[in-house]
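Structure record follows, encoded as structure tokens.
The values are calculated or read from the model by the stated rules, or taken from the named source; none is laboratory data. Just so we're clear, the structure is a prediction, and the values are computed from it rather than from any experiment. Using ideal geometry, Cβ is built from the backbone for each residue, glycine included, and neighbour counts are taken over all protein chains shown.
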Amino acid sequence: MLLFNTCNSFSSFSKTATCPYCKSNDYQLVNNSRFLRFAIMPIVPLAWHYYYQCNHCQHSEPVPLIKLPLPELLSLIKYFTGSILIVFTLLYFYTQFSAQAAQQQAMLDAPQAYDTYLVKADKFAQEPLRPENLKVAQILEFDDKYITFQISNYRYKRNRGITMAMRTSLLVQRDYFSSKTLTLPRTEVQRMVDEGIIYNVLRPYAYSLYGGFVMFPPRPKPLYEGVKLNKHNQQGINYYKDDLFEDALASFLLAAEEGSQWGQLNTAQMYRDGEGVEKNLAQAIYWYQQAAKQNNHKAKVQLKELCLMHPCE
Ligand SMILES: [Zn+2]
């Protein structure tokens, strides 16, 4: 089947007139123009050829385009249907392309964690060139000057492999990304985009790309934060480990007075055992009770033990 060829067409507005030669009324406007067409769709005219022809005496006379009847003249545009479609299609793709380029530049100018870059491994990560040269790089962190990436352990020959990996949520599987990270200056990243070493920049939407997860949703803030670590209590523990009992007690006391149950428990133990201070069971009991009031199980148990040997109140 010929898709491209030229073809004659006949006037749809053929007008009957009187032949100037034989006066017959069988005198018609004929269109024998040639145009390039794709299947049945005309793309562009190649040669105009309008003429009047008498079917009686065979007299024929060419008609210049501007002398054509107006409806026929207006209908000429149909011969450009294909060209017009091509122009619109190109315009559509061009606007799509420039919108995408603008979007990509916006993502480069304002990076976000988990922006996902598709890269050529040899030049991006200085890896040996192999037929499987495509890798996934994901932003871990960034500042004004640098971007740190995690890079996939996997290499791909074609982009389709990466798309499939994303679609099937492989990126969130353990060991998909190498634990070794790569930090690059942002100017270098921009250069790599310009040179096509980074050939695509994607931003997850709802943690996904191509319908598969490429990142874990950020952990929601817990309503109850569990055991609150008290800074002074932690400091006290450090002192205690270094056998600096007096400093430890001072820190535990600060924590205890701030209401930390673990600070209170530790203070009580220091008084009970006489570490960093003279043994003082009354003080120990007092602080055990404070911690017990906060439902500290360990304090309750130790208070009970202490009260077996020493009258509590
Ligand atoms: Zn005639």
### Message
Which count do you get for residues in segment 7-35 that are within 13 Å of the ligand (Cβ to nearest atom), modelled with pLDDT of 80 or more and not in a loop (DSSP other than H, G, I, E, B)?
### Response
2
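Which of the residues belonging to segment 99-112 are under 20 Å from Val189 (Cα atoms) and not charged (D, E, K, R)? Don't jump to the end; show me each part of the working.
To start, the set of residues in segment 99-112 that are under 20 Å from Val189 (Cα atoms) comprises 100-112.
Of everything in segment 99-112, those that are under 20 Å from Val189 (Cα atoms) and not charged (D, E, K, R) turn out to be Gln100, Ala101, Ala102, Gln103, Gln104, Gln105, Ala106, Met107, Leu108, Ala110, Pro111, Gln112.
Every residue, every condition in (1) without any contact (Cβ under 8 Å) to a residue 40 or more places away in the chain; (2) touching an Asp or Glu at 6+ places or on another chain (Cβ under 8 Å); (3) assigned to a helix (DSSP H, G or I), yes or no:
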{"position": "Ala250", "(1), (2), (3)": "yes, no, yes"}
{"position": "Glu275", "(1), (2), (3)": "yes, no, no"}
{"position": "Lys279", "(1), (2), (3)": "yes, yes, no"}
{"position": "Lys298", "(1), (2), (3)": "yes, no, yes"}
### Task
Find the helices (runs of 4 or more DSSP H) located wholly in segment 155-245 whose residues include 3 or more that are crowded, with 16+ Cβ neighbours inside 10 Å and of a type in the set (A, V, I, L, M), and list them.
159-167, 186-194
